[in-house]
Amino acid sequence: MMEPILREGLSALSLPTGGIPALIRYGELLAERNKVMNLTAITEPAEAARLHFLDSAALLALADFRGEAVVDVGTGAGFPGLPLRILEPSLRLTLLDAQRKRVDFLREVCGELGLEDVECVHGRAEEFARERREGFGLAVSRAVAALPVLAELCLPLVKTGGRFLAMKSVDTAEELNASGRAVSLLGGRLEKPVDYVIPGTNIPRRLVIITKIAETPKKYPRTFAKIKKNPL
Ligand code: SAH
């Protein structure tokens with residue numbers, strides 16, 4: 001059921017299809033484990049193929065991930081990071097999530113798929129930034145927080161010259177306007193966002209691209225309580 005959708009979608013993105021068996025196994029584990037723990041609202045195979053795997057895969061057509069150290073902030077059940085790593089094996093991936101059971105699930109999937117080099121971290125982004133500040137060429141994130149908050153969680157992790165890619169819906173004009181100050185205080189520069197359609201659907205998406213042009217001042221990120229109460 002997933003196979004033809006993935007094959008067609010990846011071909012439409014001009015991406016290699018060799019990762020399809022791993023994506024299918026991942027989808028099976030997701031549907032199975034979701035019966036006993038809350039991982040995602042989407043497990044029906046055709047839907048998961050499009051809304052999780054192809055939505056994630058679309059990033060590979062929009063940015064160069066080859067050989068990059070990538071952190072996926074608030075990855076949940078692994079999106080978008082894990083499909084990116086399956087389809088682009090040179091990517092050095094760190095999956096970060098604040099919920100332990102989700103990280104346990106990710107470790108299980110990586111074990112099953114033989115992805116031993118994927119780092120699965122249970123923790124909060126604002127605390128992880130203390131250990132791995134400016135440690136990644138790319139940060140990615142989907143469905144975690146509004147941009148002013150998300151920028152403070154993600155930009156400290158990105159090295160100068162690197163980029164933060166935020167997956168958003170297309171109605172983000174207001175959110176984008178509201179994030180200008182936060183982004184520049186954190187050492188970032190908002191680029192022109194890129195709109196795309198998930199292959200095989202008519203669902204539009206927007207990739208917000210932020211380039212790290214200067215080191216993030218040491219006072220950021222603040223504690224989550226402060227970030228939330230008083231977004232930049
Ligand atoms: N990116 C996934 C999951 C989105 S749900 C997807 O698109 O399907 C949001 C996830 O972000 C949750 O799993 C939650 O635990 C995690 N999260 C929220 N705030 C976080 C923080 N400050 N640090 C790390 N993870 C966080």
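The values are calculated or read from the model by the stated rules, or taken from the named source; none is laboratory data. Since we're looking at a predicted model, the values are computed, not measured. Virtual Cβ from ideal backbone geometry, glycine too; neighbours counted across all protein chains shown.
Some values worked out for this structure:
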quantity	calculated
Output for region 173-232, where each listed residue is within 14 Å of Glu152 (Cα to Cα), basic (Lys, Arg) and either within 16 Å of the ligand (Cβ to nearest atom) or over 21 Å from the mean Cα position of the chain (by Cα) (or both)	Arg181, Lys218, Lys219, Arg222, Lys226, Lys228, Lys229
Any hit, region 99-113, residues being buried (at least 16 other Cβ atoms within 10 Å of the Cβ) and more than 24 Å from Ala77 (Cα to Cα)	no
Residue check, Val170 modelled with pLDDT of 95 or more, among the β-branched types (Val, Ile, Thr) and either touching a Pro at 6+ places or on another chain (Cβ under 9 Å) or surrounded by 17 or more Cβ atoms within 10 Å (Cβ to Cβ) (or both)	no
Residue count, region 104-149 (criterion: in contact (Cβ under 8 Å) with a residue 60 or more places away in the chain and under 15 Å from the mean Cα position of the chain (by Cα))	14
Yes/no for Leu176 being closer than 19 Å to Val140 by Cβ and at pLDDT 95 or above	no
Top-ranked residue in region 122-150 [being surrounded by 19 or more Cβ atoms within 10 Å (Cβ to Cβ) and part of a strand (DSSP E or B); ranked as farthest from the ligand (Cβ to nearest atom)]	Gly137
Test: residue in region 181-188 that is at pLDDT 95 or above, surrounded by 22 or more Cβ atoms within 10 Å (Cβ to Cβ) and touching a Ser or Thr at 6+ places or on another chain (Cβ under 9 Å)	yes
Filter pass, Cys154 being assigned to a helix (DSSP H, G or I), of a type in the set (A, V, I, L, M, F, W, C), under 23 Å from Ile227 (Cα atoms) and under 18 Å from the mean Cα position of the chain (by Cα)	yes
Positions within region 22-38 being over 14 Å from Leu82 (Cα atoms) and not acidic (Asp, Glu), in sequence order	Ala31, Arg33, Asn34, Lys35, Val36, Met37, Asn38
Test set (1) free of Cβ contacts under 8 Å to residues at least 60 places away in the same chain; (2) within 16 Å of the ligand (Cβ to nearest atom); (3) closer than 15 Å to Leu10 by Cα - Asp55 fails condition number	(1)
Residue list for region 62-98, filter: surrounded by 21 or more Cβ atoms within 10 Å (Cβ to Cβ), part of a strand (DSSP E or B) and free of Cβ contacts under 8 Å to residues at least 60 places away in the same chain	Leu93, Thr94, Leu95, Leu96, Asp97
